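The values are calculated or read from the model by the stated rules, or taken from the named source; none is laboratory data. Remember, it's a predicted structure, so these values are computed and weren't measured experimentally. Virtual Cβ from ideal backbone geometry, glycine too; neighbours counted across all protein chains shown. We work out accessible area using only protein heavy atoms, side chains counted, and drop any ligands, DNA or RNA first. Shrake-Rupley method; radii C 1.70, N 1.55, O 1.52, S 1.80 Å.
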Protein chains: 2
Amino acid sequence: MWVGYGLYLDLLEPLRRPDQLRSDGSLTEERQRCREALELACQGLTVALVSSGDSGIYGMAGLALEQWMALAPGDRPGFTVHPGVSALQLAAARAGAPLMHDFCTISLSDRLTPWGVIERRLEAAAAGDFVVALYNPRSRGRDWQLARAQELLLAGRPASTPVVLARQLGRQEEAVSLHSLGGLPVEQVDMLTLVLVGNSSSRVEGGRMVTPRGYPGAELS
Amino acid sequence: MWVGYGLYLDLLEPLRRPDQLRSDGSLTEERQRCREALELACQGLTVALVSSGDSGIYGMAGLALEQWMALAPGDRPGFTVHPGVSALQLAAARAGAPLMHDFCTISLSDRLTPWGVIERRLEAAAAGDFVVALYNPRSRGRDWQLARAQELLLAGRPASTPVVLARQLGRQEEAVSLHSLGGLPVEQVDMLTLVLVGNSSSRVEGGRMVTPRGYPGAELS
């Protein structure tokens, strides 16, 4: 039994066997999809809850697992997470090799996280000189957070630091472009964009971005 | 043409077509493998440089790209990175769903990075309450760094914070276990282990670890 957002199930349709049923949900009703998947599994079906990217990174795995944990121990069905490729990784691959040194991911959505916590993480990312992937960077209702993130990161790395904007990754409309942190075109960023900010030693050459494995100050072999 | 560490090429052997050649390298000679792959590509061959995990995360992609960048612009062959599943992701999947909130990766190897930079990142990770994945946590020659990392992270989160130790991921000998940050069995950790430390709201239930999507202080929908 397949449970998932209809558009994702459509993409997988060629792989579906005749004995596998599908249940299409709508994009926003994540909680309900997890509940449906769990209820069917409790009835003895083998259920695949289908998610985009890596369900284990800001994905559906956690919501489903929280519901699974809320069941009485004896009622819990088997539960396995299968990793995938997250937007961070495809953005990195398209741009070159920006994740060769320590990195962090920060979601700029303050729907479930207080903005103060997000600011503290941006400050920590700047202080630690991490390569930073910004998920949920900007939407209609959240239009100032990205500029604030840019400001906080600029406190810890040069304005020339390379930044990747990766939009609609893995789809036909995919667009990947390179910018600088100081010249980031904030207005071009929307909910379908992943923003990847280099660390202080990241550089661009021949249209590709790399973060060297060696960090200044270490003896290179 | 396949270029890679012999053991990895052996694993893929069933997929190799008769017209695809292979060149086996040894584990340590990464620089030479990249050079060989590039030289063959410059001669017009289609070359796959095979790496374990995600070559884009602390992997071979960066070393190869740095060599590619060093070529004269007119001499550079096409260069595409294909993402994979990094140890971080498989460890997370095996443990449950610990990466539902902001996380960072830190390599504890000070071979190419000064230890001062690594300490600064551990402090930043503690200050930002990131879920933390520690790569290269401990080896024969580097036996004190993990205990120091534990100490720095304990400054920012409770001793009861769950920690995953994931060893030999994806192989027959795979072993995944749950511990607390305060009670981390440092001596059990080696080069084949990935250490995944929860944030202050991560919890364990039914043998699985989850980091809730909602962060304390936010209004939950």
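If you check A:A124, A:A93 for being facing chain B (nearest Cβ under 8 Å), assigned to a helix (DSSP H, G or I) and within 26 Å of B:Q67 (Cβ to Cβ), only one passes: A:A93.
Okay, residues lined up against (1) touching a residue at least 60 places away in the same chain (Cβ under 8 Å); (2) within 20 Å of the chain's Cα centre (by Cα); (3) open to solvent by less than 30 Å² (accessible area, probe 1.4 Å):
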{"site": "A:L134", "(1), (2), (3)": "yes, yes, yes"}
{"site": "A:R140", "(1), (2), (3)": "no, yes, no"}
{"site": "A:G156", "(1), (2), (3)": "no, no, no"}
{"site": "A:A159", "(1), (2), (3)": "no, no, no"}
{"site": "A:G170", "(1), (2), (3)": "yes, yes, no"}
{"site": "A:L178", "(1), (2), (3)": "yes, yes, no"}
{"site": "A:G183", "(1), (2), (3)": "no, no, no"}
{"site": "A:Q188", "(1), (2), (3)": "no, yes, no"}
{"site": "A:L194", "(1), (2), (3)": "yes, yes, yes"}
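For region A:120-129, the criterion of being free of Cβ contacts under 8 Å to residues at least 60 places away in the same chain, surrounded by fewer than 20 Cβ atoms within 10 Å (Cβ to Cβ), of a type in the set (D, E, K, R) and farther than 24 Å from B:P212 by Cα is satisfied by no residue at all. In this structure, is A:S86 at the interface with chain B (Cβ under 9 Å from one of its Cβ atoms), in contact with a helix residue (DSSP H, G or I) (Cβ under 9 Å, 6 or more places away or on another chain) and open to solvent by less than 10 Å² (accessible area, probe 1.4 Å)? Yes, satisfied.
Of all residues in region A:64-86, none satisfies being more than 24 Å from A:G198 (Cα to Cα), at pLDDT below 95 and not aromatic (F, W, Y). Of the strands (runs of 3 or more DSSP E) contained entirely in region A:129-221, those carrying at least 1 residues that are within 21 Å of B:A127 (Cβ to Cβ) and within 14 Å of chain B (Cβ to nearest Cβ) fall at A:131-135, A:193-197. Give the residues of region B:99-110 that are under 16 Å from the mean Cα position of the chain (by Cα) and either more than 7 Å from chain A (Cβ to nearest Cβ) or not aliphatic (A, V, I, L, M) (or both), sorted by residue number. Listed by number, the residues that qualify are B:F103, B:C104, B:T105, B:S107, B:L108, B:S109, B:D110. Of the set (1) open to solvent by 30 Å² or more (accessible area, probe 1.4 Å); (2) at pLDDT 95 or above, all apply to A:P216 but (2). Given the structure, is A:G96 modelled with pLDDT of 95 or more, over 15 Å from B:A93 (Cα atoms) and in the same structural domain as A:Q168 (by TED's automatic domain parsing)? For A:G96, the condition - modelled with pLDDT of 95 or more, over 15 Å from B:A93 (Cα atoms) and in the same structural domain as A:Q168 (by TED's automatic domain parsing) - is met.
Take A:T46 and tell me if it is at pLDDT below 95 and β-branched (V, I, T). Considered against the rule, which asks whether it is at pLDDT below 95 and β-branched (V, I, T), A:T46 comes out as no.
Taking every residue in region B:196-213 that is without any contact (Cβ under 8 Å) to a residue 40 or more places away in the chain and pairing it with any residue that is open to solvent by 20 Å² or more (accessible area, probe 1.4 Å) and assigned to a loop (DSSP other than H, G, I, E, B), at least 6 positions away or on another chain, the pairs with Cβ-Cβ distances below 8 Å are B:G206/A:R76. Considering region B:35-92 alone, what residues qualify as being among the hydroxyl-bearing types (S, T, Y) and free of Cβ contacts under 8 Å to residues at least 12 places away in the same chain? Result: B:T80, single match.
Condition check for B:E123 on (1) under 26 Å from A:L134 (Cα atoms); (2) within 18 Å of the chain's Cα centre (by Cα): one failure, at (2).
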